[in-house]
1. Among the residues of the range B:53-75 satisfying the criterion of being in contact with a helix residue (DSSP H, G or I) (Cβ under 9 Å, 6 or more places away or on another chain) and in a loop (DSSP other than H, G, I, E, B), which is farthest from A:Phe85 (Cα to Cα)?
2. It is to be established whether one or more residues within the range B:56-79 are closer than 25 Å to A:Val60 by Cα and touching a strand residue (DSSP E or B) at 6+ places or on another chain (Cβ under 6 Å).
3. Does the range A:249-263 include one or more residues that are surrounded by fewer than 22 Cβ atoms within 10 Å (Cβ to Cβ) and within 14 Å of chain B (Cβ to nearest Cβ)?
4. Any residue that is surrounded by 12 or more Cβ atoms within 10 Å (Cβ to Cβ), among the hydroxyl-bearing types (Ser, Thr, Tyr), more than 23 Å from A:Phe49 (Cα to Cα) and free of Cβ contacts under 8 Å to residues at least 60 places away in the same chain - is there at least one of those in the range B:4-22?
5. Tell me, which residue of the range B:35-52 that is part of a helix (DSSP H, G or I) and more than 10 Å from every other protein chain (Cβ to nearest Cβ) is surrounded by the fewest Cβ atoms within 10 Å (Cβ to Cβ)?
6. Going by what's in this entry, would A:Asp56 be described as modelled with pLDDT of 80 or more, acidic (Asp, Glu) and over 19 Å from the mean Cα position of the chain (by Cα)?
7. In the range B:28-80, which residues are among the aliphatic types (A, V, I, L, M) and at pLDDT below 90?
8. Just a yes or no: is a residue in the range A:220-230 more than 17 Å from A:Gln55 (Cα to Cα) and in contact with a Lys or Arg (Cβ under 6 Å, 6 or more places away or on another chain)?
Amino acid sequence: MDEALIKDHKPAWKGGDLPYKASYGKLMMWFFLITDTLTFSAFLASYGFSRFKYQDSWPVPEDVFTHFPFLHGDHPLLFVALMTFILIMSSVTMVLAVNYGHKMQKNKVILWLVLTIIGGSMFLGSQAWEWGHFIHGDKGAVVTNGSSSYKINDSLFVNSNLAHVFKDGKIYSIDNLSEGNHHDSSHSDDIDFDNFISIFASQKDLDLRLSDKTILDHDLAVEYLKERGLRTTKGADLYENEYGHTLFGDYFFFITGFHGFHVFSGVVLLIILLVNVIKDTYAKRGHYEMVEKIGLYWHFVDLVWVFVFTFFYLV
Amino acid sequence: MANETKGNWWIWKVFWILLFITAFEVALGMIKPPFLVDTIFLGTKLLNHVFIILTIIKAAYIILEFMHLGHEKKSLKWTVLLPAMVLVPYLLFIILSEGVHSYLMI
């Protein structure tokens, strides 16, 4: 505990005592972080609720997040791993800034704060890229009709309202099944569905995977599409997404968005902090405790991401 | 403060631990060892339990070292940790078991 923080040694009953041996500002930051912990816990718990409830039509994360900038093909987990690395790295630079703050070394604080801001901005950029891909969509899916189970040839299939075209054990892009697929077919209206079915029927190696992960062989799939298929869909919004249950998209936008907003706020706070460090505000004050307080917030943002990473991408 | 004399090596130590755990998680997520995927424990794959345990270890390093809580006064440490340690498992228990229940009710 820095002596400089206790400005005047008043008696304990006049607020001169620090029972936690921590300053007012730091304590309040901790209390704010406790409430924020509970907020994020509630979000992730409700995500877990919906995931358990709709486990039959919940998407597999590896089918959803497969892209990496400038690389073709499927690279599940790689991009979020990079994002995690960036955020952990920015946490490290933040601790270093706090550490040099204790030693009152202004220039080193500036250096590590700048690097933290860069790390935070890189994370925000990555998240924007990730959102862009999520919204724009990748392989697309077929929206099917009905809410009850559906029988073909005496086998029971749970209806799922969404089905993916499947080829060689992988999701196959619906763009390949529309005529003149060179144009941007991100709008599902662009694809004539009857035409889609006839192209599907003509390619014998195509199967259909329902969102409960049952795979229908080609002949069954054609029958299923004719009877149950409504239209194709691509990308994601709050009403529908090509990956699986609607709530999956909603939670994705809400939880990663709320976390991204925290990161954004953190970057803004860090910039204000940096300006104040440069202007010698804290040197005059005699301590760099503000770096420590903002640092607590920044580490918390990293901490939340560690959990978001696990529950959205790994589990 | 204790760290004023400790230098920076401990920061990098924590960094390498966090990096190693994350890399390990990603590797597990890509390889998906059949033994961990096929064993179901408490309603989910053993692999998911491994992920959750590793996540909690990472969280502990961030809170106790980076946020310096491990070096604060004991009373402050428990003031911060106890509400989360009591309320979050409670919330998870109620909500997740309700989730499983409503799945069975569909």
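The values are calculated or read from the model by the stated rules, or taken from the named source; none is laboratory data. In this text, all values refer to a predicted model and were calculated from it rather than measured experimentally. Here Cβ is always computed from backbone atoms with ideal geometry, including for glycine, and neighbour counts include all displayed protein chains.
1. Once the filter is applied, the top-ranked residue is B:Glu72.
2. No, the range B:56-79 contains no residue that is closer than 25 Å to A:Val60 by Cα and touching a strand residue (DSSP E or B) at 6+ places or on another chain (Cβ under 6 Å).
3. Yes; the residues of the range A:249-263 include at least one that is surrounded by fewer than 22 Cβ atoms within 10 Å (Cβ to Cβ) and within 14 Å of chain B (Cβ to nearest Cβ).
4. Yes: one or more hits.
5. By that ranking, first place goes to B:Phe35.
6. yes
7. B:Met30, B:Ile31, B:Leu36, B:Val37, B:Ile40, B:Leu42
8. Checked against the condition, which is being more than 17 Å from A:Gln55 (Cα to Cα) and in contact with a Lys or Arg (Cβ under 6 Å, 6 or more places away or on another chain), the range A:220-230 yields no hits at all.
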